[in-house]
Amino acid sequence: MILIDGKKAAAELRAELKQEVTELKAKHNKVPGLTVILIGDLTPSQIYVRNKEKSANEVGLKSEVIKYPDSVEEKAVLGKIKELNSDETVSGILVQLPLPKHIDKQKVIEAIDPSKDVDGFHPMNVGNLSSGYESSIPCTPLGCYLLIKKFQPNLNGKKAVVVGRSNLNGKPMTQLLLKENCTVTITHSKTKDLKAECLEADIIVAAVGIPELVRGDWVKKDAIVIDVGINKTDKGIVGDVHFDEVSKVAKALTPVPGGVGPMTIACLLKNTIDCFKRSQI
Ligand code: GUN
């Protein structure tokens with residue numbers, strides 16, 4: 001079994017992006033800028049945002065975090081987004097989720113200029129991705145996709161099973177695999193026989209948030225298994241895949257932590273740079 005090393009792949013991607021930022025700076029005399037809006041004081045969100053800022057600085061992006069208390073009014077956030085939309089130094093805007101209940105998530109997502117939507121959550125980007133046009137691609141599935149492609153560049157005709165149908169992961173993941181000519185099955189909590197579906201797969205992407213759901217006897221020999229889960233349990237952090245069991249069967253598997261996680265942030269930086277490049281044309 002080959003362990004797909006997301007930490008290493010992310011470090012390689014960051015090195016490429018750093019080089020690209022240097023070249024862009026020489027060409028345009030400015031660097032791409034990422035602005036993150038963080039509302040409230042949820043610890044995981046604070047950690048993610050700190051890591052995003054650190055990585056952005058590392059590759060030479062201009063990076064800014066705007067923090068609001070939990071009690072901030074929706075219209076203040078929408079006003080700030082409007083301001084950032086017309087700020088030429090801001091290439092990418094990300095509003096960290098989840099949001100407090102009194103703020104309408106979809107309204108916030110739709111307020112972001114699609115050309116600065118580094119999350120790829122705006123309906124315009126969702127639509128463009130599903131139509132096969134150029135778009136921002138959500139960072140987590142993009143990270144999964146790059147890891148799969150690095151391991152196996154030609155995915156023509158492969159059977160892929162995506163476990164989970166979220167807008168964040170499952171649905172965009174499906175689009176990316178379809179683009180690569182995979183035959184894709186998207187599964188979810190109402191799927192009749194999840195084990196039987198997984199057993200058909202050459203590629204499994206597990207993104208449901210259920211600890212160790214995918215077991216060793218669910219996986220075909222020589223399958224590629226990508227684990228998007230980050231679940232807090234009594235045993236510590238585990239993925240959606242039973243690592244010990246599946247590592248005995250699969251051809252390749254991503255660990256948790258050190259698999260998809262590091263790629264997600266590197267992809268956010270890539271999306272910021274891509275937004276900048278498109279804005280310079
Ligand atoms: N919270 C957890 N993951 C994400 C993500 O990919 N984007 C945003 N905006 N918030 C998140």
Total formal charge among the other residues, if their Cβ is under 15 angstrom from that of residue 109, Lys/Arg +1 and Asp/Glu -1
0
What is the magnitude of the charge dipole of the chain about its Cα centre, with +1 placed on the Cβ of each Lys and Arg, -1 on the Cβ of each Asp and Glu, and no other charges, expressed in debye to the nearest 20?
300
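What number comes out for the charge environment of residue 246, summing +1 per Lys or Arg and -1 per Asp or Glu over other residues with Cβ under 10 Å away?
Around residue 246, the charge tally is -3.
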Quick test of the membrane-span-like rule: which DSSP H helices of the chain reach at least 15 Å along their long axis (C-alpha atoms) with mean Kyte hydropathy at least 0.0?
139-151, 260-279
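Over 32 Å between Cα atoms: which of 101/248; 27/116; 220/277; 25/159 fall into that group? List each step's numbers first, then the result.
Working: 101/248 43 Å; 27/116 21 Å; 220/277 41 Å; 25/159 42 Å.
The answer is 101/248; 220/277; 25/159.
Ranking 199, 177 by Cβ neighbours within 10 Å, fewest first, what do you get? Walk me through the numbers on the way to the answer.
Working: 199 15, 177 26.
Lowest count first: 199, 177.
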In whole Å, what is the distance between the alpha-carbon centres of segment 1-73 and segment 122-186?
22
About the Cα centre, charge dipole magnitude for segment 128-265 (Lys/Arg +1, Asp/Glu -1 at Cβ), debye
160
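In the structure shown, do any of 7/270; 190/221; 54/235 have a Cα-Cα gap over 20 Å, and if so which?
Values: 7/270 16 Å; 190/221 26 Å; 54/235 29 Å.
Beyond 20 Å between Cα atoms: 190/221; 54/235.
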Within segment 242-257: backbone nitrogen closer than 18 Å to the residue 215 label point (7 Å, Cα to C-beta)
242-250
Out of 72, 246, 208, a Gaussian network model of the chain with alpha-carbon springs under 10 Å gives the largest mean-square fluctuation to 72
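Of all the stretches in the chain, which is the longest one without any exposed loop site, taking GluC sites (Glu not before Pro) in a DSSP loop (any state but H, G, I, E, B) with at most 14 other Cβ atoms within 10 Å? Let's see the in-between values first.
Values: sites that count: 73, 88, 134, 200.
After excluding every exposed loop site, the longest remaining stretch is 201-281.
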With the dipole of segment 201-281 worked out from charges on the C-beta (+1 for Lys and Arg, -1 for Asp and Glu) around the Cα centre, which of 276, 225, 255 lies farthest toward the positive end?
276
Neighbour-limited loop hits for trypsin sites (Lys or Arg not before Pro), segment 235-278 (at most 14 other Cβ within 10 Å; DSSP other than H, G, I, E, B)
235, 248
Compare 189, 91, 247 in a GNM of the chain, Cα atoms joined below 10 Å, and give the one with the largest fluctuation.
189
For segment 239-256, take each phi angle, set θ = phi - 60°, evaluate the Karplus expression 6.51 cos²θ - 1.76 cosθ + 1.60, and give the result in whole Hz per residue in order, putting x for glycine and proline.
x, 8, 10, 6, 4, 4, 5, 5, 5, 7, 10, 5, 6, 8, 8, 8, x, 10
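Throughout, read-outs are computed from the coordinates displayed, never taken from laboratory work. Since this is a predicted model, take the numbers as computed values, not measurements. Backbone-built Cβ (ideal geometry, glycine too); neighbour counts: all protein chains shown.
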